[in-house]
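Reviewing the structure listed below.
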Amino acid sequence: MPGYFNAEDLQAVRERSRIEDVVGAVLTLRPGGGGALVGLCPFHDEKTPSFRVTPSRGFYYCFGCGEGGDVIRFVERNQNVSFVEAVEYLAGRIGLQMRYTDLENRSEPGLRIRVLEANRLAEEFFARALTSPEAIVGRQFLAARGFDQQAAAQFGIGYAPSDGHALRDYLRKMDVADETMVKAGLVRENGWDFFQSRLLWPIRDAGRSTLGFGARKIFDNDRIPAKYLNTPETAVYKKSNVLYGLDLARANIAKKNQAVIVEGYTDVMAAHLAGVDTAVASCGTAFGEDHARLLQRLLGSADVRAGEVIFTFDGDAAGQAAALKVFNLESSFTTQTYVAVEPSGLDPCDLRIKQGDAALRELVGRRVPLYRFVMENVLSGFDLERSDGRLQALRAAAPLMSSIRDASLVDGYLRELAQLLGMDINEVRREVGDQRKRRRNPPAPEPAPDAPALVEVSSLPVPNARDPRLEPQRGTLRLMLRAPEIFSADWNQLTAAHFSHPAYRAVAEQIFSAEPAGRTSPAWPHLLIGDGTDVLVARLIVELSVEPLLRDPSPEYAAEYTTQLLLAELSGRIEQLKSRLQRTNPVSDKPGYDQMFQQLVGLESKRKQLRARIG
Ligand SMILES: [Zn+2]
C-alpha cells in the first residue's frame, strides 16, 4: 500500500523487525548453512525442513511450496491479516507508532488486531480482579494447589467478577467497541460478560499474544455447570490450534527438543514450577493432528524422529483410551511419542503437592515409547501363560500392527510384540500378514502430498528453475536483485525484451521501472514488492534474492550474463531478418532487399563483437 504509511516508518519496521525472531516465534529455526536458517514450513505439511530464512536479506522462502517474502508478508500469511494489519502488528512489537500519510482514508485496525488488544486489556483487568475481596475463593483454590501469588502472576491468572457487566464496563471505558468485545468472545451478544465468577488462565500463542481464556468453576452455584469453560472460537482463538503454556515452553521445547503434554492448566503450572519447562496442554479439547503439527514445527529437528513428545496419561481407562487416540495420529508423530504414567494415578499437579518437584521430574524421566504402552495395554487382557491366551492376544494386537502407516517401523514393532508374547517372530509376522489380507484392509490414506499453499494465483506461467535454456535470464535477474551495483546505470543496456519468459520479463520490468535511487537502498529487493505485485513476480523476486551465487559478484560476472542475453536477443533478430530476406525478391524489391541485407551485416558484426567478449 504505497503512500499509506510514512515511508521512513515502513522502512524502520522492515529493518528493526528481525525476521528470524518473528518467524522463530512460530517455528524452530536451525542453522542451515550459508547464513540461512531452516525449519519446517508453517504453510504446508512437510517432514524435512525446506523453509529457509535469510536474516541478512530479511527474506523467507519455502522450497517446498514456494511461499516466500519479507517479514511483513510472513505476518500477513501466518496470521492471515492484511498488509496494513501486519505492519501495525510489527510496529507494535518494536514499539513504533506508525505515521500515516493518508489520514483521510485511515481505516480502523483489522479485526484480529482489535481482538488481541481487547484480550490484552481483559487479561489485565482479570489479573487485577484476582486481588479483590470477592476473589478469595479463587486465591484459596490456587493456594490449595501449591500456587502462591508469584506463581499466579507468572502465569497471568485472573478472576472474572460475578457482577456480569464488570468487564464490559471496563472495556467501554478503554474505548473498546461493543462489537469487538463480542467478536473476542469476552462479552455475549446479550451484553453479559462471557466469564463470570470464575478463575481464568490466559491462553497465549508462542509470541505471547493472548488468544483467549480457559475458565474454571470455583463456586457451587455457578449458573454454568461445566467445570471448564473456554473462549468460543474467534478470529484468533481456534481450540484445535492452541496449547496452554506454549508462550512459556516454546523456547525450551526448541532447546531440549522435547515437549511434555499434560492435561490441565494447573498441571502445566505445576510442571513448569517443578522444572519441567517444556509442558503444555490442549485447551478444552483432545490433543489432535493440528496440535501435533504445531509441536512438530517447534521441535523442528532435521530428523523429526529425534524429538520427543511425552504424554502424561492417567493409568486409568480414560488415559489408555487417550493414548490409543494419539496412537492413531500420524505415524511419524507416533514414533517420537512417549508416555509417562504415574502408577499412583495422581495428575502432575497433585503429584507435586504430595511428593514434591522431584517426583514430577521423575515421572517424565520414566517415559516409555507410546507403541509399547499401547501394546502392553492390549496384551494385559490375556493370560499369556497359556498358548491359546497368547494366540488370542496376538490376534488382538495384530490390527494395531497393521494400522501402522510407516512400513519401515513395522518390523521393529513385530519384534517387540513377539518378545512381549514370548512367541516366535515369524509366527507373529504370519498372523499379522494373514489378518491384513483377511480383512482386505485398505491401506490408510497416504498423507496428502506436500501441496502448495499459494492461495492467490498468477496469470503468468511458472518458469522451470532448472531449465538450462532459461538460466541466462534467471541468472541475470539473480544478480540484479542480489548485487545491483555491478551493473551500469542503464542496467548494461538490457531491456525487458531481452527476457523471453513472461514471468522473468515481468520481474525485469519491475526492476527496470524502480526508482534509480532504490538500487543503493538497503531495502533494494524489498522495494520491488508492493501490495499490488503479482504473486508469482513477488515470489520470484524473493526466490532469486536468496538463491546462492556461484561466484562473488563483480562487473565481469554481470557482463557475462548480460552478454548472453544480448546475444540471444540479437540471434533472434538475425533469424527473423534472414527469414524475411528469403521471402523478399532481390530483383523486384531491390531497395528493400539491400536495406535488409545491410542491417543483417550490421547485426552479424555486432554479434561477432559480443561473442568475442565472452570468448
Ligand atoms: Zn512450504
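At a glance:
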| quantity | calculated |
| --- | --- |
| From D534, D594, residue being of a type in the set (D, E) and in contact (Cβ under 8 Å) with a residue 24 or more places away in the chain | D534 |
| Residue in region 79-96 that is within 17 Å of the chain's Cα centre (by Cα), surrounded by 16 or more Cβ atoms within 10 Å (Cβ to Cβ), within 16 Å of the ligand (Cβ to nearest atom) and modelled with pLDDT of 85 or more present | no |
| Region 168-177: number of residues that are under 33 Å from the mean Cα position of the chain (by Cα) and either among the hydroxyl-bearing types (S, T, Y) or closer than 25 Å to D222 by Cβ (or both) | 1 |
| Candidates F51, F59 - the one that is closer than 17 Å to A254 by Cβ and at pLDDT 85 or above | F51 |
| Evaluation of R293 against (1) closer than 30 Å to G33 by Cα; (2) at pLDDT 85 or above (one fails), failing number | (2) |
| Close pairs (7 angstrom Cβ cut-off, 6 or more residues apart or separate chains): surrounded by 12 or more Cβ atoms within 10 Å (Cβ to Cβ) in region 546-562, in a loop (DSSP other than H, G, I, E, B) and not polar (S, T, N, Q) anywhere | V546/R57; P553/A483; Y557/R551; A558/F487; T562/L494 |
| Tally of residues being of a type in the set (S, T, Y) and surrounded by 22 or more Cβ atoms within 10 Å (Cβ to Cβ) across region 459-482 | 1 |
| Any pair with Cβ under 6 angstrom, 6 or more apart, that starts in region 261-276 at a residue that is closer than 17 Å to N230 by Cβ and ends at one that is modelled with pLDDT of 95 or more and part of a helix (DSSP H, G or I) | V262/V268; V262/A271 |
| Top-ranked residue in region 48-66 [being farther than 12 Å from E547 by Cα and within 12 Å of the ligand (Cβ to nearest atom); ranked as surrounded by the most Cβ atoms within 10 Å (Cβ to Cβ)] | F51 |
| Residue in region 9-25 that is touching a helix residue (DSSP H, G or I) at 6+ places or on another chain (Cβ under 7 Å), within 16 Å of the ligand (Cβ to nearest atom) and under 23 Å from D290 (Cβ atoms) present | yes |
| Options A7, A12: the member that is surrounded by fewer than 16 Cβ atoms within 10 Å (Cβ to Cβ) and of a type in the set (A, V, I, L, M) | A7 |
| Elements of type helices (runs of 4 or more DSSP H) in region 483-553, at least 1 residues being closer than 22 Å to G34 by Cβ | 524-527, 535-546 |
| Those residues of region 32-41 which are within 12 Å of the ligand (Cβ to nearest atom) and either farther than 25 Å from L528 by Cα or among the polar types (S, T, N, Q) (or both), in sequence order | G39, L40 |
| Among residues of region 583-615, those that are more than 30 Å from L494 (Cβ to Cβ) and in a helix (DSSP H, G or I), counted | 6 |
| Output for region 121-148, where each listed residue is buried (at least 19 other Cβ atoms within 10 Å of the Cβ) and out of contact with any Phe, Trp or Tyr (no Cβ under 9 Å at 6 or more places or on another chain) | L142, G146 |
| Qualifying position, being within 11 Å of L477 (Cα to Cα), of a type outside the set (D, E) and in contact with a Phe, Trp or Tyr (Cβ under 9 Å, 6 or more places away or on another chain), among V546, V507 | V507 |
| Residue within region 376-384 that is out of contact with any Cys (no Cβ under 7 Å at 6 or more places or on another chain), closer than 24 Å to I261 by Cβ and of a type in the set (S, T, N, Q) present | yes |
| Check on S240, crowded, with 17+ Cβ neighbours inside 10 Å and out of contact with any strand residue (DSSP E or B) (no Cβ under 8 Å at 6 or more places or on another chain) | no |
| Any hit, region 464-475, residues being at pLDDT below 85, within 30 Å of P553 (Cα to Cα) and within 16 Å of the ligand (Cβ to nearest atom) | yes |
| Inter-residue pairs, beta-carbon under 7 Å, first free of Cβ contacts under 8 Å to residues at least 60 places away in the same chain and in region 157-178, second basic (K, R), 6+ apart | A160/R198 |
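Every residue, every condition in (1) outside any strand (DSSP E or B); (2) free of Cβ contacts under 8 Å to residues at least 12 places away in the same chain; (3) among the aromatic types (F, W, Y), yes or no:
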| position | (1), (2), (3) |
| --- | --- |
| V13 | yes, no, no |
| V38 | no, no, no |
| F43 | yes, no, yes |
| G69 | no, no, no |
| F74 | yes, no, yes |
| N78 | yes, no, no |
| E85 | yes, no, no |
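The values are calculated or read from the model by the stated rules, or taken from the named source; none is laboratory data. Just so we're clear, the structure is a prediction, and the values are computed from it rather than from any experiment. Every residue, glycine as well, gets a Cβ built from its backbone with ideal geometry; the counts of neighbours run over all protein chains shown.
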